[in-house]
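A short write-up of the structure that comes next.
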Amino acid sequence: MWEENRYDVADQQDLTGIAGEIEQCGVETYSDPDELELRLANNFDTLTFSAGQANESPSSDQVLVVRVEGNGGQLDIKRVPFNEVSSFDLDVADVNSLVVQVYLDDEVEDCSRNGASQAVLWDFELQ
């Protein structure tokens, strides 16, 4: 599902990151959102990364939701409209399993009927 490459997001060009096409609306309407799992082994204090929609996304009408969980509890959640970038700066001390879920915002009228979005995640840094 996720593919590493170079992507253009909003006004930023040639970003090295990972991307996946997101077609599912809302986390409650299906049982398996597109996600990444990182096993941190309780060895880090902070995680930073950025998220946005690729300029070549199938639709510019969708809003991504990026939800981050640590050890099964929510750490952060952000809505990311087309042509915008969201940055995450998370406290991950004592986190072993970190999950990043990405799905379309089901509050958008005609969610996914107007197409999918290509989510891009980049600049992951653990400290």
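The values are calculated or read from the model by the stated rules, or taken from the named source; none is laboratory data. In this text the structure is predicted, and so the values were computed from the model without any measurement. When we count neighbours, we look across all protein chains shown, and the Cβ atoms used for this are built from the backbone with ideal geometry, even at glycine. Protein only, heavy atoms only, side chains kept; ligands, DNA and RNA dropped before computing areas. Shrake-Rupley method; radii C 1.70, N 1.55, O 1.52, S 1.80 Å.
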Check your understanding: How do 35, 4 stack up against each other in accessible area, from largest to smallest, with a 1.4 angstrom probe?
Key -> 4, 35
Point to revise | Residue among 42, 101, 52 farthest towards the positive dipole end of segment 33-122, charges placed on Cβ | key: 42
**Study point:** Average projected area [Cα convex hull, the chain], square nanometres
**Key:** 7.2 nm²
Exercise for review: Please calculate how many Å² of accessible area segment 1-102 carries per residue, with a 1.4 Å probe and no DNA, RNA or ligand atoms counted.
Suggested key: 52 Å²
Review point. Which percent of the accessible area of the chain is formed by carbon and sulfur heavy atoms (probe 1.4 angstrom)?
Key: 36 percent
**Study point:** Farthest toward positive dipole pole in segment 1-82 [+1 Lys/Arg, -1 Asp/Glu at C-beta], among 22, 71, 10
**Key:** 71
Check your understanding: If you place +1 on the Cβ of every Lys and Arg and -1 on the Cβ of every Asp and Glu, how big does the dipole about the Cα centre of the chain come out, in debye to the nearest 20?
Key -> 140 debye
Review point. To the nearest Å, what is the center-to-center distance of segment 82-127 and segment 1-22, using C-alpha atoms only?
Key: 12 Å
